[in-house]
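The values are calculated or read from the model by the stated rules, or taken from the named source; none is laboratory data. If you're wondering where the values come from, they're calculated on a predicted model, not measured in any experiment. Please note: Cβ atoms are built from the backbone with ideal geometry, for glycine as well, and neighbour counts cover all protein chains shown. Side chains are part of the model used for accessible areas, which takes the heavy atoms of the whole protein and leaves out ligands, DNA and RNA. Shrake-Rupley method; radii C 1.70, N 1.55, O 1.52, S 1.80 Å.
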Amino acid sequence: MTMRTDPSDVARIFDAELGDEAAAALGDLDARYNVAPTQPIPVVVQRDDGRRIEMQRWGLVPSWSKSVSSAGARYINARAETVASSSAFRTSFLRRRCIIAADGFYEWRREGRVKQPFLIHSPVDAPLAFAGLWAPWRDPVDGQWLVSATVVTTTANAIVGELHNRMPVILNDEAWRMWLDPDVRDEGLLQSLLRPAPDELLELRPVSTLVNNANNEGPDLLVAPPSPAAEKIDEAALTLFG
């Protein structure tokens, strides 16, 4: 994922408060061009005292996990088709929903020996509201709390389908407000929000293979590759959003 929008703008867009703790954490981070699983990400949540932005771990740790390492990065995604029945996600689906605001996400396809990444983003680079779930986990050893999140995925639209058959659920303005509302517990209504985004919302952009290493960061990652070969379509792909 990329998260390049200023946190204060994210707070304004989602009518959320940027608390001191989140502001301090985000203040230590530059614009992010290669957000990887298990890293901290800003998440929009609805609490009893209002809507706010919190920093959470990308990769949900279920309450029954014995340790963070046992959960690893297995739960970076939650499939829309099974989110209501999965032991890892069903409680969060009904009670702990969130928005993960990202400017774009990556998908890959193989071109010979190269794994060519593409940035999938809004044509105007506006932040996208990914449907997410969050959960608290308490370390049984030291009693410390960890809050973590996952991205809900669904079948791909025609644009993302050129690269992969899955994509994050991207909510429009009306849908993300409903998704965040803790009083909404109707499973059928919530499931109806988990559909592919309209094709016109997104476009593909080939970017540097520097993206393939999670240790690489910076605006150079979004520089288009010199070869026009990136315009070919190959169904063999790697993915973060399964």
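May I ask for the net charge around LEU60, where only other residues with Cβ less than 11 Å from the Cβ of LEU60 are counted and Lys, Arg are +1 while Asp, Glu are -1? Result for the neighbourhood of LEU60: +3. Summary value for region 1-136: 25 percent relative contact order, contacts being C-alpha pairs under 8 angstrom separated by 6+ residues.
Shape class for region 125-235, computed from the alpha carbon gyration tensor (a ≥ b ≥ c): oblate, with a/c not under 1.5 and a/b at or below b/c. Site pair ALA214 and ASP142 shows an inter-label distance of 2.1 nm when each label is modelled 7 Å from Cα along Cα→Cβ. Starting from the 7 Å offset along Cα-to-Cβ, what nm value, one decimal, do you get for the label separation of SER69 and VAL114? So the label points at SER69 and VAL114 sit 3.8 nm apart. Here the relative contact order of the chain, from alpha carbon pairs under 8 Å that lie six or more residues apart, stands at 22 percent.
Computed over protein heavy atoms with a 1.4 Å probe, the accessible surface of the chain works out to 48 Å² per residue. Summing Cβ point charges (Lys, Arg +1; Asp, Glu -1) relative to the Cα centre of the chain gives a dipole of roughly 940 debye. Positive end of the dipole of the chain (Cβ unit charges, origin at the Cα centre): among TRP176, THR2, TYR106, the Cα lying farthest that way belongs to TYR106. Near ARG97, once Lys and Arg are set to +1 and Asp and Glu to -1 for all other residues with Cβ below 13 Å from its Cβ, the sum equals +3. Is the shape of region 31-77 best called rounded, prolate or oblate, per the rule: a/c under 1.5 gives rounded, else a/b larger than b/c gives prolate, else oblate, with a ≥ b ≥ c the square roots of the Cα gyration tensor eigenvalues? Verdict is oblate for region 31-77.
Taking a ≥ b ≥ c as the square roots of the eigenvalues of the Cα gyration tensor of region 83-136, is the shape rounded (a/c under 1.5), prolate (a/b larger than b/c) or oblate? Oblate, since a/c reaches 1.5 and b/c is not below a/b.
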